[in-house]
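The values are calculated or read from the model by the stated rules, or taken from the named source; none is laboratory data. Keep in mind it's a predicted model, so treat the numbers as computed, not measured. Neighbour counts run over all protein chains shown; Cβ positions are idealised from the backbone, glycine included. These accessible areas exclude ligands, DNA and RNA; they are computed on the full protein's heavy atoms, side chains included. Shrake-Rupley method; radii C 1.70, N 1.55, O 1.52, S 1.80 Å.
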Amino acid sequence: MAEDSIPYLSGAKIKEVLDYNELISVMKKAFAKYSSGKVVQPVRTVVKVEKADGFLGLMPALCEDEDVLATKLVTLYRHNQEKYGLPTHNAIVVVFSVNTGIPKVIMDGEVITTMRTAAASAVASKYLCAPNPRKLAILGSGVQARSHFEALSSLYKFEQVTVWSRTFNNAEHLAGEINATPCNTAEEAVKDADIIVTVTLSSKPVVQKAWVKPGCHINAVGACRPDWHEIDPELMRSAIVYVDSRAGAEKESGDIILSKAEVYAELGEVILGTKNSNKDKTTVFKSLGMAIEDVLSAKLVCDLLLKTEKLK
Ligand SMILES: NC(=O)C1=CN([C@@H]2O[C@H](COP(=O)(O)OP(=O)(O)OC[C@H]3O[C@@H](n4cnc5c(N)ncnc54)[C@H](O)[C@@H]3O)[C@@H](O)[C@H]2O)C=CC1
Ligand SMILES: O=C([O-])C1=[NH+]CCC1
């Protein structure tokens, strides 16, 4: 039985202990464990809330090697920001004892989602983009746009960063924060970019093949439903496509399903050395988000807080 009160870790507490350096190595481990069959992780179960154009996603995973069993519960309500000024993504993570099944800790899942997704894209960039990327283009100006800038800047010294957003004011606002160049069009933003990050809530492509420099690496992070896509289908078909999970991509990714693009490999297979990097080619990392990313992040949070005695 669970104790009368299970510790709850707030986002603020989690932010205090997580940093991109450590999280990037943990994400590398998450992808490798997943692709070597060491993780039990069903494809996300999605409960749609039609009237609010939202959904609840259930994301459990077990990794016995790492002695961790947990689940993330995440909601995506696309109109929260414009309607209520609230975040579009909200989440908690519940961690259980692997031995007894007793719930041990409940923690905020928003900070973990924000940071682990950007750390995952950083791992993908490390393995898939050509050396010394100089220009980063960010399409979108929300939570993930900011975290991706931070995570990728922890790896690379960019000479130029461009931002495009549906509303120019938002692009300008973010660009001001991160010392980037705001652009009026996505085409202008991605011109000559070495790394492109697509972090929008669009269900229609925001980047076209003709705009992209050959050899560029794209972290395609949005469009997590089978009928949403962010990337031009022609670009998907002509690039070398990597995914976090084949099973997830086949069921959830409109970018893969609608374009009928071939999936070359899981990122974990590249990390394990069983598939090639193709750094000289145009590459797309189609990220949908995997439960094991959250579960290993939650374990890291618990370990770090135990070290500082903040979690008994
Ligand atoms: N792959 C993964 O593991 C994860 C993916 N995501 C996805 O990343 C994307 C960004 O998430 P957040 O930054 O947290 O969301 P957010 O709500 O903070 O930002 C969304 C951005 O998309 C823009 N946008 C909305 N509708 C648009 C449209 N029709 N065309 C162009 N831009 C539009 C907004 O103006 C805003 O800049 C979402 O698609 C989200 O579901 C989020 C978490 C994890
Ligand atoms: O992995 C994740 O948490 C999500 N992916 C898309 C929306 C939320």
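For this structure, a couple of remarks:
- Placing GLU230, GLU66 in order of accessible area, with the largest value first and a 1.4 Å probe, yields GLU66, GLU230.
- Solvent-accessible area per residue, Å², over the range 256-312 with all protein chains present [probe radius 1.4 Å]: 43 Å²
- When the alpha-carbon atoms of the chain are used, the pair Rg, Dmax equals 18.7, 59 angstrom.
- Dipole moment magnitude, nearest 20 debye, the range 117-289 about Cα centre, only Lys, Arg, Asp, Glu C-beta charged: 200 debye
- Solvent-accessible surface of the range 1-159, averaged per residue with a 1.4 angstrom probe and all protein chains in place: 48 square angstrom.
- The label point for ASN179 and the one for LYS157, both projected 7 Å from the Cα toward the Cβ, are 1.2 nm apart.
- Percent RCO, i.e. relative contact order, over the range 199-248, from Cα pairs under 8 Å lying at least 6 residues apart: 44 percent
- Relative contact order computed over the chain (Cα-Cα under 8 Å; 6+ residues apart), in percent: 19 percent
- Ranked by how many other beta carbons lie within 10 Å on average, peptides 30-37, 290-297 from highest: 290-297, 30-37
- Carbon + sulfur, % of accessible area of the range 248-312 - ligands and nucleic acids excluded, 1.4 Å: 50 percent
- Per-peptide average of other Cβ atoms within 10 Å, ordering 163-169, 39-45 highest first: 163-169, 39-45
- Site pair THR88 and GLN208 shows an inter-label distance of 2.3 nm when each label is modelled 7 Å from Cα along Cα→Cβ.
- Applying a threshold of 20 Å to the alpha-carbon distances of LYS13/LYS38; LYS38/LYS299; LYS29/LYS260; LYS28/LYS48 flags LYS13/LYS38; LYS29/LYS260; LYS28/LYS48 as lying beyond it.
- Normalised alpha carbon radius of gyration of the range 217-257 [divisor 2.2 N^0.38 Å]: 1.03
- The string of couplings for the range 116-129 from the Karplus curve (6.51, -1.76, 1.60, θ = phi - 60°) is 5, 5, 5, 5, 5, 5, 5, 4, 4, 5, 4, 8, 10, 9 Hz, one whole number per residue in order, with x for Gly and Pro.
- Secondary structure note: in the chain, about 50% of the DSSP beta bridges are antiparallel.
- Comparing GLU177, GLU110, GLU22 in a Gaussian network model of the chain, where Cα atoms under 10 Å apart are tied by springs, the biggest mean-square fluctuation is seen for GLU177.
- Surface share of carbon and sulfur [accessible, 1.4 angstrom probe, percent] for the range 48-198: 51 percent
- Simple Cβ-charge dipole of the chain, Lys/Arg +1 and Asp/Glu -1, about Cα centre, in debye nearest 20: 300 debye
- Between 0 and 90 degrees, the angle of helix 291-307 with respect to the longest Cα principal axis of the chain falls at about 60 degrees.
- You can think of it this way: the chain between LYS48 and ASN21 has 6.2 nm of extra reach, that is 0.36 nm per residue less the Cα-Cα gap.
- Compared with the dominant Cα axis of the chain, that is its longest principal axis, helix 143-153 is turned about 80°.
- Restricting the calculation to alpha carbons of the range 117-289 gives Rg and Dmax of 14.4, 45 angstrom.
- Once all protein chains are placed together, HIS173 keeps about 120 Å² accessible to a 1.4 angstrom probe.
- In Å², nearest 10: area of ARG237 left accessible to a 1.4 Å probe: 130 Å²
- Put CYS63, CYS224 in order of accessible area, highest first, and with a 1.4 Å probe you get CYS224, CYS63.
- Helix axis angle, 20-35 relative to the chain longest principal axis, alpha carbon, degrees: 80 degrees
- Residue with peak Gaussian network fluctuation, the chain [Cα springs, cutoff 10 Å], from TYR84, TYR264, TYR127: TYR84
- P(r) histogram, all alpha-carbon pairs of the range 1-138 included - 5 Å bins from 0, percent: 2, 8, 13, 18, 21, 16, 12, 6, 2, 1, 0
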